[in-house]
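FYI, it's all coordinate maths here, none of it is from the lab. If you're wondering where the values come from, they're calculated on a predicted model, not measured in any experiment.
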């Protein structure tokens, strides 16, 4: 039985499918859904912090807030309890950390992210979670 489900999203089609799968699982098990969006701050960790980086972070956080709000609306429309989480850092480790902190029973992820380089990079996030999380993890293929 899954009481708490964590689904990671990034605004991509595979992430949308993962959210749909999480809604189906939550409906079947009468579970709550936690949705996480991670601003991948590690991409810029070696660069000096200046106004340009602050603007980039701001834009990425705004994008995350919008994606989380859309997910919240979709889950609420399905009549499922939902909480959202915006984190910064390495996406894979943030997903695993939040899952452990919340005591979730299931993690659901898309098989890859947005496109091109993102597809390779975010696919590595899914791989990281599958390899490093002690929690049951479902990968939704696109």
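One table, with the values for the structure above:
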{"read-out": "Percentage relative contact order, the chain, counting C-alpha pairs under 8 Å, at least six apart", "value": "34 percent"}
{"read-out": "Structure-derived Rg and Dmax of the Cα atoms in Å: which label, when the choices are (1) 16.8, 51; (2) 14.6, 48; (3) 17.4, 61", "value": "(2)"}
{"read-out": "0 to 90° range, to nearest 10: angle between helix 51-77 axis and the chain longest Cα axis", "value": "10 degrees"}
{"read-out": "Segment residue 124-residue 55, extension gain: residue separation times 0.36 nm, minus the distance between their alpha carbons", "value": "22.2 nm"}
{"read-out": "Mean residue ellipticity (222 nm) of the chain, computed from DSSP H runs ≥ 4 via -39,500 (n - 2.57), nearest 500", "value": "-17500 deg cm²/dmol"}
